[in-house]
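Encoded as structure tokens, the structure appears first; notes follow it.
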Amino acid sequence: MSHFTPIKDLPILDLNSDLNRLLDKKLIHWNTNNSICINTIPERPDDYEYGTGSLTYDWANSYRIKKDDGSMERIVPELAEPKKESDFTQLCSQFKHTMFEEVYNSVKTKYGKSLGRIRLMKMKPKTCLSWHNDENTRVHYPIITAEGCLMIIGDEVKHMQANTWWHTDTLPLHTAINASQIDRIHLVCSIE
């Protein structure tokens, strides 16, 4: 069984041009997580950073402690009020009247109430994510990618071509690698 399933009924668009326009006009910017959330909660219509990072853990206030054996351990407190994927029901105002709005509406129509956050995620060259698993599956749309950009789920390795849609089963342990010389940018949708 493959952890990667191609999706054929979502729009193929050049999102990179709209992304660059929004960045150039300083309507959005990459945060320290290298992510931008295109949808938000109704109470924060302009906050494209609200949905970045963990919904459960407060990484900004993490700290290290020295254990009895001399090794260091990172402690990451839980958020006082955890967020839920299902709370992200509104397109951020910055993305209205762009191709991102068309993508948002198409993905929302296809996945309905099971759709959570839709994030732009940038991975720097020569980097790798930790081995982890997600609480739900993901839909990926590579915007910028290169030959050395790989996703590994279990023992399955996949390079997803630019401007293709993929449903990925990220419940098992997985990682992503950018072994290229350029930034890798994917649009990533959480599906509950």
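No lab work stands behind these numbers, since they all come straight from the coordinates. Bear in mind the structure is a predicted one, so any value in this text is a computation, not a measurement. Positions of Cβ are generated from backbone atoms using ideal geometry, with glycine treated the same way; all protein chains shown enter the neighbour counts.
In table form, for the structure just shown:
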| read-out | value |
| --- | --- |
| Mean residue ellipticity (222 nm) of the chain, computed from DSSP H runs ≥ 4 via -39,500 (n - 2.57), nearest 500 | -3500 deg cm²/dmol |
| Among G116, G53, G154, residue whose mean-square fluctuation peaks in a GNM of the chain (springs only between Cα atoms under 10 Å) | G154 |
| Förster radius 45 Å - calculated FRET efficiency between D68 and Q161, Cβ distance, rounded to 0.05 | 0.35 |
| Taking the chain and dividing mean pair separation by its residue count, relative contact order in percent (alpha carbons under 8 Å, at least six apart) | 26 |
| Positive minus negative residues near E78 (Lys, Arg vs Asp, Glu; Cβ under 15 Å) | 0 |
| Extension reserve of the K96-L55 stretch, reckoned as 0.36 nm per residue once the Cα distance is removed | 12.3 nm |
| Neighbourhood net charge (13 Å Cβ-Cβ; Lys/Arg +1, Asp/Glu -1) for Y111 | +2 |
| Gap separating the Cα centres of the range 99-150 and the range 1-42, nearest whole Å | 7 |
| Rounded if a/c under 1.5, otherwise prolate or oblate - the range 14-132, Cα gyration tensor axes | prolate |
| Cβ crowding within 10 Å averaged over residues, with 11-18, 184-191 ranked highest first | 184-191, 11-18 |
| Amide N proximity, the range 148-192 versus N136 label position 7 Å along Cα-to-Cβ, cut-off under 11 Å | 189-192 |
| Sites E81 and K110 - FRET efficiency at Förster radius 30 Å, r taken between beta-carbons, to 0.05 | 0.50 |
| Full-extension gain in nm, D14 to N31, via 0.36 nm per residue minus C-alpha separation | 3.9 nm |
| Most fluctuating residue given options A60, A162, A179, as computed from a GNM of the chain linking Cα atoms under 10 Å | A60 |
| Size of charge dipole - the range 4-191 - debye, nearest 20, with Cβ of Lys, Arg +1 and Asp, Glu -1, no other charges | 300 |
| Global form of the range 58-192, assessed from the alpha-carbon gyration tensor, a/c cut-off 1.5 | oblate |
| Net charge of Cβ neighbours under 14 Å - reference T137; Lys, Arg +1; Asp, Glu -1 | -2 |
| Relative packing of 82-89, 138-145, 125-132, 3-10, which averages over residues the other C-beta atoms within 10 Å, highest first | 138-145, 82-89, 3-10, 125-132 |
